[in-house]
Structures are given as C-alpha cells and as structure tokens.
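Report on the structure given below.
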Protein chains: 2
Amino acid sequence: MLRLGSRTGYDIKQKIEISTRFFWGASYGQIYPELKRLAAAGLVEAAQDPRGGVKRTAYRLTPAGERVLHEWLTDRGHQLFEMRDEALLKIFFGDLLTDEELLENVRARREWCERTLELFRGIDDMAVTGWGPRESPTEALHYGLELMEWMRDWYARKERELTARARRVRRAGTTARRPR
Amino acid sequence: MLRLGSRTGYDIKQKIEISTRFFWGASYGQIYPELKRLAAAGLVEAAQDPRGGVKRTAYRLTPAGERVLHEWLTDRGHQLFEMRDEALLKIFFGDLLTDEELLENVRARREWCERTLELFRGIDDMAVTGWGPRESPTEALHYGLELMEWMRDWYARKERELTARARRVRRAGTTARRPR
DNA sequence: GCCACCATGTAATCGGTTACATGATTAA
DNA sequence: TTAATCATGTAACCGATTACATGGTGGC
C-alpha cells in the first residue's frame, strides 16, 4: 500500500477498506505495530510529517523494502488460501433442520449477499483517486463484486430448489420433512 | 460432525477434510481440546471405546448439546465471513510487475485452481458413506467445486486479457510495459 | 519387517481482533 | 457546538496452527 501511494497507518487502513478488504483485511492493531517492525528491519523509513498540531508519521519503502516486496510478488511458492463462512456451514448442516428452517437460512444468506453487493457498488461508484497511474487495486473490488454475484446466484438457485421441493411435498399431501 | 455420525476426534478430522474443509477447517490441536471443553460444559458425553489395544474415546451429543446445536443452526444474527487469498493479493499489486511477471502469476494461479479442482473431484468420486440418510455434507464439497470453477474461469479470462494486451503492444512496436 | 493408517494429545507460537484511550482538525 | 474524520497507539485476549511425541493395527 505504501508503494501505491499510502503514507500513514491510517491511510493504509482506508485503502484496504476500499480495495483488498474482501480477501485480505487488517486492523489498526496489526498495521501500526507492523510498520514499526518494518522500520526496525530497515524495509521502511519513518518521517515525522505533522499536519498542524496533529503529529503524523509518514512511511515509505527503502530500496531494501522495494527489493523484498518484489521478491514476494514474484515468489510462486506456497500461497495461503483460506475461507471461513459460518452461514454456509449452517446450510450444510441443513439435514438437521426442517425444510422451512433451512429455506429461511438460505434466503437470509441470499439477502446478505444482496446487501453486500450494494455496499461494494457504493464503494465502486465513488471515484477512487490517489491510486497512481494504473488501476489494479480497483480490480480487487471487482473481483469481490463478481464473486459476491456468483454467491448470490448460488443461494438463489438453492432457494428455488427448496421451494420447488416444498411444492412437490405439498402436492403429494405429506407434511414438511422433519430432521432425522 | 458428531450429530452426523462421527464419533472420535480423528473421525471428525477426516470428515472435515472431505467436506467443510474448504470453508471451515480444523486441526487436531483444535479438535481434541475442544471436545474436552464441550464435555466439561455437558454438551457432549465421552465414552471409552477401545479397539483392541488402542484406547479410543467416542463422543456423542447430550440433549443439552442437541439444543445448543439447534440454537446455533437457526440463529440468523451476525455470521462470520472471511477470506485470505495471498495469490490474489499479488495479482492485485500487479502494477508493480512487468506484464510478463503478472501473466506468469495469473497462469500459476489458474493452474492451482485446476489442480485443486482435480483434488475435489477425486474426493467427490470416492463414494462417501457414513453420512446418514441425507446428503447435505456432500453438497458442501459441490459448493467448493463450483466456486473453484468460477475462480478458474476468472483467472482464465484475466490470462486472455493479458495475452491480448501483450499482442497489441507487440504490434504497436513498443516494448513490454515496465512497472512505474 | 515395514508402511500406511488409526488414534490421542500438548507446548510453543502466531497472527490477528477487540476494546480502549487520546486528541487535533474540519465542516455543518 | 457538535459530529465526523484524521491520526496513533496498546493491552488483553483468542482462535488456531505447527511441530512434536507416542503407540497400536492391518495388510503386503
């Protein structure tokens, strides 16, 4: 983020929120100590840059920092990939619920996707400036947007399948299925 | 997992690996202590169930455990959702790479998706038994499978875009773009 | 005899969040 | 005046992984 124009810890945090947050977030409790560690390691340089009476610490990469960044960027060794999706977990233990309860979970999740999409579109609409000549970080948001659309569609399909099943069950004159 | 037929900590771990692992994993270092905590809280019951000379502890839900499980399953309050995708992060800092380096990253990621898909399909092909009358946990795997297909397609599209750009650049007689 | 698998566990560590505290600046 | 935003920081905590240790069973 420093390399793309961010200067302060606060600044970095804002940039994360409008770009990578969806697949790589960070909190102040992580950012500030990390900046200090990087400075101690000689990968970034701190400079006092007060704004009026506000003390402000501006960071930038050192040549060593640039080098390490580029090494990381081109390292194709093992790369971390993980997800935690609690709502999905609940849906996959759907056997333990009635059809009605399960459908309600699926619907709630689809609506969450819808709301998250609105949020992302809102971020996308405010013209994001200060990113430098190219636009890759905006693409990060688009990845999130498109992935969220995929998720919404997946849940919408499930919803249709479940309502179709409910209709079949009703037609057959049986009561709604109960968990085993 | 206990509710779906798993009995030992080891058993739970295997089940996770072939079902929810993609969006909710767990290690032994988490499972065994957690089973003890649940037992202390009265939510599960432990019974010694030795297999020959091997000591083995089989767990099952208590009525209180069933209750708490159902409460969790139907609770539509805040539900955790997070991702960490290192490779994607590198691609979104692609501005700092040459077109060749970036393309290589995208290609490597697409191939990783391809390999992961093969892995998932392998798991899917072995008939998974011991899941009880319904099949929701298998659907977990299918969600992972379909999501991974979406990711593969996304990277494949990026790959095409980048190669098309490289061709245009070559036709225009300029050299490959360098990072700013 | 050996390897793969079944089975259980823990200590050290780590990456990260939450909650809290402080205070200046700017726009309504 | 007040609220929002800019700005920095830390202590307590937590969920989780990694690495290690141990040992039995079953099939080749």
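Descriptive notes on the structure:
- For A:GLU118, label point 7 Å along C-beta direction: distances to other copies, nm: 4.5
- Label-point gap, in nm, between A:ALA64 and B:ALA26 - each point 7 angstrom along Cα→Cβ: 4.4
- Each other copy holds its own label point for A:PRO50; taking that point as 7 Å from Cα along Cα to Cβ, the gaps run 7.5 nm, nearest first.
- The Rg/Rh ratio of the protein assembly as shown, with Rg taken over Cα atoms and Rh as the Kirkwood radius over Cα pairs, comes to 1.03.
- Positive contributions from Lys and Arg (+1) and negative ones from Asp and Glu (-1), summed over other residues with Cβ under 15 Å from the Cβ of A:THR62, come out at +3.
- Between copies, the label points at B:ALA164 (set 7 angstrom from Cα along Cα-to-Cβ) are spaced 3.4 nm, reported in nanometres from shortest to longest.
- B:MET126/A:ASP124 FRET efficiency (R0 41 Å; Cβ-Cβ; nearest 0.05): 0.45
- Using bins of 5 Å that start at zero, the share of Cα-Cα pairs per bin across region A:51-91 amounts to 5, 14, 10, 10, 10, 11, 12, 11, 11, 4, 1, in whole %.
- FRET efficiency for A:GLU34 and A:VAL54, using Cβ-Cβ distance with R0 set to 22 Å, rounded to 0.05: 0.55
- If R0 is taken as 45 Å, the Cβ-Cβ distance between B:ALA41 and A:ALA156 corresponds to a FRET efficiency of 0.75.
- Debye log10 I(q)/I(0) at q = 0.12, 0.17, 0.23, 0.25 Å⁻¹ for region B:9-74, Cα point scatterers: -0.36, -0.71, -1.14, -1.21
- For chain A, the longest principal axis of the Cα atoms and the long axis of helix A:28-40 meet at an angle of about 30 degrees.
- Cα-only radius of gyration and Dmax that characterise region B:86-172, units Å: 17.6, 63
- Sequence-distant lysines (8 or more away, or on other chains) whose Cα lies within less than 22 Å of B:LYS13: A:LYS90, B:LYS36, B:LYS55
- Each listed q (0.14 Å⁻¹) maps to a log10 I(q)/I(0) for chain A from the Debye sum over equal C-alpha point scatterers, namely -0.91.
Bear in mind these aren't lab numbers, they're just calculated from the coordinates by the rules spelled out. Note that the coordinates shown come from a computational prediction; the quantities given were computed from them, not determined experimentally. Please note: Cβ atoms are built from the backbone with ideal geometry, for glycine as well, and neighbour counts cover all protein chains shown.
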